[in-house]
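To keep things clear, I will list the structure first and then write my remarks on it.
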Amino acid sequence: MSAAPTDPLLARRDWLVGAAGGLGLLASARASAQAAASPAKAARRQAPVASATPSRPRVGLALGGGSARGFAHIGVLKSLDQAGIKPDVVTGTSAGALVGAFYAAGWSPWQIEELFLQVRESDVADFSAAGKRGLLTGDALAALVQARLKGAQIESFPIPFAAVATDLKTGEMQMLRSGPVADAVRASCSLPGIFVPKTIGGRELVDGGLVSPLPVEAARRMGCDVVIAVDVTAPPQPGDLSGLYEVILQSFDIMGRALSNQEALQADLLIRPETGAYSSSNFGVRRELIQAGYVAAQARLADVRHRIATSTPAMRAR
């Protein structure tokens, strides 16, 4: 039965559609970013990814969650790429899992930027099909990632990758390092109450931000000697908290910031873009957020180079 026009859930439909795009950080665009890329950008895409050698430490890039603020990850990737800094491992939580998946799959930062600037929020919203356990099923998000990455399996990526999710029943962190990337991203982005949980391997999985919003530990487990963490969260902002979505998102902002601060202590280097001026549900400032990430990374390039140059490779499990 259709809800009455005064149903508050439908009254917030457009808002929730936009929120879903940020929670998954907008999985894809209808037009191929590869076709749109210029020759110069194509050349950057084809640049080989450096791997750790006996004389160089294994470098990990840990991309944190942050809904719409996750656009800032793209700017960070652009800065590092221009500087010739290539991670050996990428880990991501929620928004960071989505951006990280495309990068680990071989997309250049400029290709990812074009993709996410073109995407429509409605491409990942399946509101009308949602069940009782979430406002959105998340299937549209997974389908778009599946299409853009051509059904790729994580283990086939040129850069080792892990998407971080949370086991809903046990509360344990789950590192998704194999299998369909679309399922892994879908699970990592499944904000409780908004997305229906994703079942993988018999486990019901939800947003990784519940236990690891800044996936430094995941990068360590994958044998990284130097971990560069990118935290796009910001202190909770005052504002309208009159609705369900506002309460959920504010709660996650509070929890995520506190956990991110703890995880940041375990990183070798922290890049923290200035995202506080932008709401985590504001998708009209994509370019501004990308630029914020670029500026923040540029300011840390000397530190990144120094840390990598002075670090000694450790005998870690690969």
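Brief remarks on what is shown
- Size of charge dipole - the stretch 208-291 - debye, nearest 20, with Cβ of Lys, Arg +1 and Asp, Glu -1, no other charges: 140
- Peptides 86-95, 176-185, 223-232, 199-208 ranked from most to least packed, by the mean per-residue count of other Cβ atoms within 10 Å: 86-95, 223-232, 176-185, 199-208.
- Calculated from backbone phi, Karplus (6.51, -1.76, 1.60) coupling profile of the stretch 290-295 in Hz, x at Gly/Pro: 4, 5, 4, x, 5, 4
- A simple packing score, the average count of other Cβ atoms within 10 Å per residue, orders the peptides 96-107, 297-308 as 96-107, 297-308, with the highest score first.
- Counting 0.36 nm for each residue step from THR170 to ARG287 and taking away their Cα separation leaves a gain of 38.3 nm.
- Kirkwood estimate for the stretch 271-318, i.e. one over the average of 1/r between Cα atoms, Å: 13.1
- Surface per residue (accessible, 1.4 Å probe) for the stretch 168-295, Å²: 40
- Ordering LYS198, LYS150, LYS132 by accessible surface, largest first, gives LYS132, LYS150, LYS198; the 1.4 Å probe counts only protein heavy atoms, with every chain in place.
- For the stretch 200-240, backbone nitrogen atoms closer than 17 Å to the point 7 Å from ARG257 Cα along Cα-to-C-beta are found at 210, 213-214, 231-240.
The values are calculated or read from the model by the stated rules, or taken from the named source; none is laboratory data. Treat the numbers as computed from the prediction; the structure is a model and nothing was measured. Positions of Cβ are backbone-derived with ideal geometry, glycine not excepted, and every protein chain shown enters the neighbour counts. The protein model used for the area step is the full one, side chains on, heavy atoms only, and it has no ligands, DNA or RNA in it. Shrake-Rupley method; radii C 1.70, N 1.55, O 1.52, S 1.80 Å.
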